[in-house]
Structure formats: C-alpha cells, structure tokens
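Novice: Sharing a structure here in structure tokens format.
Computed from the coordinates by the stated procedures, all read-outs in this text should not be read as laboratory data. Source: prediction; values computed, not measured. Cβ coordinates were reconstructed from backbone atoms using ideal geometry, including for glycine residues, and neighbour counts include every protein chain displayed.
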Amino acid sequence: MIRSFAALLLVLGMLGHHASAQETSITEWKKDRDESHEPPKSIRENEAGASTLPKWSFGLNAGYAHRLFRGGQVTSHDEQEYIKDLKSGIAFGGDIAWFPWKHVGFGLRYEMYKGNAERDSSQSEKVTIQHLSGAVIHRSFLKNGKTAILTSLLLGYQPYENRSAVGRQEFTFSGKTMNWGVSVGIEQPISPKFALNLTGTAMMGAIYRLQRKTAINTETLHLSKDDSVDLSRFSLTLGFRFM
C-alpha cells in the first residue's frame, strides 16, 4: 500500500510539473508576442512622415485681390464702374517659413497689390500696396498625412502709393501704416521637394496721414477717421513651394 501511495504521489507530481511547464510556456509565448507586436501600418507611416517633414520652405504665389473700402456716394454708372475697377487688382509675392515643431512655425511674407482704374481721359488712378509681415503659422494634416492646412496670423508694415491724374494735373499720394491679417491655405505635396498651394488672405489697415506730391510742391495731409484711406482687402492666390 505504501508503494501504491508513493506511486500515486509520483504521478501527481509529474502532472503538476507538466501543467506548470505548459503554463510557463504559454506565458512566455504571450510575452514574446507582446514584445514583438508591431504598431499598425498607418501609425508607422505617420511617424515616418513626421520625421521627414521639412523644417524650411520657400514659396511664390499670385492671384486675384479685392479691396474692401467704401466708395462713398455714387451718382452715375460710370462712377460705379470706376470704383469697381479700382477695387479689383492682382496680388503676388513670396514667403519663407520655418517649422521647429510639426504643427507650429514662423515665417516672413511679402505681397504686392496692384490695381488701376480710368474714366475717359478725365481721371485715373494706379494703386500699389505692399506688405511685409511676420507670421505665426499653425500646420495640420488631413487623414492622408500629406495634405496640409496652414493657418497664419500676420502682423507687419504696409506702404501705400496712388499715382492719380485729374485732367492734366498729376498727383502722387503715399503713406505707410501697420497692418495685420489672417490667411488659410491648403498645400498638396507633388514631390518630396515641391508642393502646390491655394491660399486665401484677409488684410486690415488704414492710413491717417498722406503725402501729396505734385510737380511743384509736397504737402502732408492729416486725415480723420471718416476720410482715412482704407487698405483692407482679401486675396486668393495659387502658388508653389520649394521644401
């Protein structure tokens, strides 16, 4: 009987050892699987894309611009068409951006607006507005991880010039002021070093002091709030960017 009891203990011990070994094997198998588990492909691609995003970029753009000033009291169709022509123009320029972080960057932007209007031979105006501004840029990406939405806050310097003529008398009005604005654009990479972008920009600013030059003299005009030159405008430009 003692021998039978000992044999039973031996069998139970072997079964317990086998179960413990199997349990250990399963635990180790799971551990190995967990340690070797790779993240989803989309996550790996996004991480790889983030590591290859360019820090610097330079862009050129051009497009349509429209000024937002009020034309005052309009008394004729010709005057209405004149103001319409004076408000419409073209905008072109360039910018440079630096992204020390994936979603936040800084930049410099230059843009020139040109517009002109002419009514018969009695009156004409040729307007040039420039702006040079610094920018704080927020960059986000669509689900594909490549197409970017760029939102910028702009603050800078804005010179203005209007070369006008009434009959045979010619005038040059000039001034300068601070300006601020916002822009929102979408940028699509075509290659690792080249991208296309479409950008909408709204600029704000007004001038309260002008210099008026004629062939014989120069004088300074101090304008009230109601008579100030409103430089507010928006533009829609298409451009390309080197990265």
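Novice: For the pair residue 81/residue 153, report the inter-label distance in nm, with labels modelled 7 Å from Cα in the Cβ direction.
Specialist: 4.5 nm
Novice: How far, in nm, would the chain grow between residue 184 and residue 122 when pulled straight, counting 0.36 nm per residue and subtracting the alpha carbon separation? Let's see the in-between values first.
Specialist: Details: separation 62, 0.36 × 62 = 22.32 nm, distance 4.02 nm.
Result for the pair: 18.3 nm of gain on full extension.
Novice: How about region 119-203: which trypsin sites (Lys or Arg not before Pro) there are in a DSSP loop, with at most 15 other Cβ atoms within 10 Å of their Cβ? Write out the running numbers ahead of the final one.
Specialist: Values: sites: 119, 126, 139, 143, 146, 163, 168, 176, 193; in loops: 143, 146, 168, 193.
Those satisfying the criteria are 143, 146, 168, 193.
Novice: Oh, and also: With an 8 Å cut-off on Cα pairs and a minimum separation of 6 or more residues, tell me the relative contact order of region 80-132 in percent.
Specialist: Working: 84 pairs, mean separation 18.3, N = 53.
Once divided by the residue count of region 80-132, the mean separation gives 35 percent.
Novice: Spin-label point model (7 Å from Cα, Cβ direction): what's the residue 103 to residue 215 distance in nm?
Specialist: Rounded to a tenth, the inter-label distance reads 6.2 nm.
Novice: Between 116, 140, 150, whose Cα lies farthest towards the positive end of the dipole of region 86-152 when Lys and Arg beta carbons carry +1 and Asp and Glu beta carbons carry -1, centred on the Cα centre?
Specialist: Highest projection toward the positive end goes to 140.
Novice: What is the gain in length, in nm to one decimal, between residue 68 and residue 166 on full extension, counting 0.36 nm per residue of separation less the C-alpha to C-alpha distance? Present the calculation step by step, with values, prior to reporting the outcome.
Specialist: Numbers: separation 98, 0.36 × 98 = 35.28 nm, distance 2.34 nm.
Stretched out fully, the residue 68 to residue 166 stretch lengthens by 32.9 nm.
Novice: Okay, next question. Which entries of 87/193; 84/193; 87/213 have Cα-Cα distances beyond 30 Å here? It would help to have the intermediate numbers written out before the result.
Specialist: Values: 87/193 36 Å; 84/193 40 Å; 87/213 23 Å.
Correct reply: 87/193; 84/193.
Novice: For region 150-243, state which chymotrypsin sites (Phe, Trp or Tyr not before Pro) are in a DSSP loop and have at most 16 other beta carbons lying within 10 Å of their beta carbon.
Specialist: Hits after loop and neighbour filter: 208.
Novice: Too long at a 31 Å Cα-Cα cut-off: which of 102/225; 55/143; 102/176?
Specialist: Working: 102/225 42 Å; 55/143 21 Å; 102/176 35 Å.
Listed pairs above 31 Å: 102/225; 102/176.
Novice: In whole Hz, with x marking every Gly and Pro, tabulate ³J(HN,Hα) for region 212-222 from phi via Karplus 6.51 cos²θ - 1.76 cosθ + 1.60, θ = phi - 60°.
Specialist: 3J(HN,Hα) across region 212-222, in whole Hz: 10, 10, 10, 5, 10, 7, 10, 9, 9, 10, 9.
Novice: Over region 143-231, what is the relative contact order in percent, taking alpha-carbon pairs closer than 8 angstrom and at least six residues apart? Please list the in-between numbers first.
Specialist: Working: 172 pairs, mean separation 22.7, N = 89.
Reported relative contact order: 25 percent.
Novice: How large is ³J(HN,Hα) for each residue in region 58-69, as worked out from phi by the Karplus curve 6.51 cos²θ - 1.76 cosθ + 1.60 (θ = phi - 60°), to whole Hz, x for Gly and Pro?
Specialist: Couplings: 9, x, 10, 8, 7, x, 9, 9, 9, 7, 10, 5 Hz.
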